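What follows is a single structure, written as structure tokens, with notes after it.
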Amino acid sequence: MMAMGLLWVGLALLQALETQAQDSQQEIPVQPAFVEDKFVGTWYSVGLASTFPWFLKKKAELMMCKTVLTPEADGTVNFTATFVSNNQCETRTSLLKKTQQPGHYVYKSIKWGSEHNIFVVETNYEEYSLLYTTKTKGNSNFNMATLYSRTKDVRPELKERFIRFAKSHGFTEDTIVILPKTDQCIDEN
């Protein structure tokens, strides 16, 4: 009887590992003919959709933030985000490493113990970009979709496009937010 129970546990574990392997092999499409030199620079986050637990708890408090992408001499991209947190300006920096697929970047957060895959799914470089991010921490996986704009003012059509994009990736209304515009911490200089 105990051997049969161990067999079932083993089969369940094997199926879980196979499912995880299949999920990790699913490719996220990126912008065709992606050009990094046109993509770097200043962006403002306008829309977010996320399954991160912190996001679901804090989404009502979130505001637009400013992100600056700067190419580094070693081929990485410096990703610096400035945002409002507890009525104060906070800045976080990550170094994105390129993958073999242009428009796909990775980084590891030592502080949070997580791995991130960032995909530039769609951009016209001058006005907007849609990004899809996967985050793995231990055995947990989380996803995020982001609408970035070169300016703080975004056409309503782009906000609607982002909502459709997020829903097409499985996000529900309660996990999608259009961030309120703010001047706090994100001057346009």
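Below, the figures for the structure above:
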| quantity | calculated |
| --- | --- |
| Number of the exception - residue 83 against (1) assigned to a strand (DSSP E or B); (2) within 15 Å of the chain's Cα centre (by Cα) | (2) |
| Subset of segment 148-162 [touching a residue at least 60 places away in the same chain (Cβ under 8 Å) and either of a type in the set (Lys, Arg) or within 14 Å of residue 122 (Cα to Cα) (or both)] | 148, 149, 150, 152, 158, 159, 162 |
| Test: residue in segment 169-188 that is under 22 Å from residue 27 (Cβ atoms) and basic (Lys, Arg) | no |
| Boolean, residue 60 is outside any helix (DSSP H, G or I) and either at pLDDT 80 or above or under 30 Å from residue 187 (Cβ atoms) (or both) | no |
| Unique residue being surrounded by 11 or more Cβ atoms within 10 Å (Cβ to Cβ), within 23 Å of residue 106 (Cβ to Cβ) and free of Cβ contacts under 8 Å to residues at least 40 places away in the same chain when the list is 68, 30, 35 | 68 |
| Any chance residue 74 is closer than 29 Å to residue 125 by Cα, at pLDDT 90 or above and part of a helix (DSSP H, G or I) | no |
| Top-ranked residue in segment 77-87 [being open to solvent by less than 60 Å² (accessible area, probe 1.4 Å) and either among the small types (Gly, Ala, Ser) or modelled with pLDDT under 90 (or both); ranked as nearest to residue 148 (Cα to Cα)] | 81 |
| Pair list, Cβ < 9 Å and 6+ apart or interchain, from segment 93-110 residues that are more than 19 Å from residue 130 (Cα to Cα) to residues that are basic (Lys, Arg) and crowded, with 16+ Cβ neighbours inside 10 Å | 109/135 |
| Condition broken by residue 66, with the remaining ones in (1) among the basic types (Lys, Arg); (2) farther than 14 Å from residue 182 by Cβ; (3) touching a strand residue (DSSP E or B) at 6+ places or on another chain (Cβ under 8 Å) satisfied | (2) |
| Qualifying residue in segment 41-48 (condition: open to solvent by 30 Å² or more (accessible area, probe 1.4 Å) and in a strand (DSSP E or B)) | yes |
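The values are calculated or read from the model by the stated rules, or taken from the named source; none is laboratory data. Values in this document were obtained by computation on a predicted structure and should not be read as measured data. Positions of Cβ are generated from backbone atoms using ideal geometry, with glycine treated the same way; all protein chains shown enter the neighbour counts. Please note that ligands, DNA and RNA were not included when accessible areas were found on the heavy atoms of the full protein model with its side chains. Shrake-Rupley method; radii C 1.70, N 1.55, O 1.52, S 1.80 Å.
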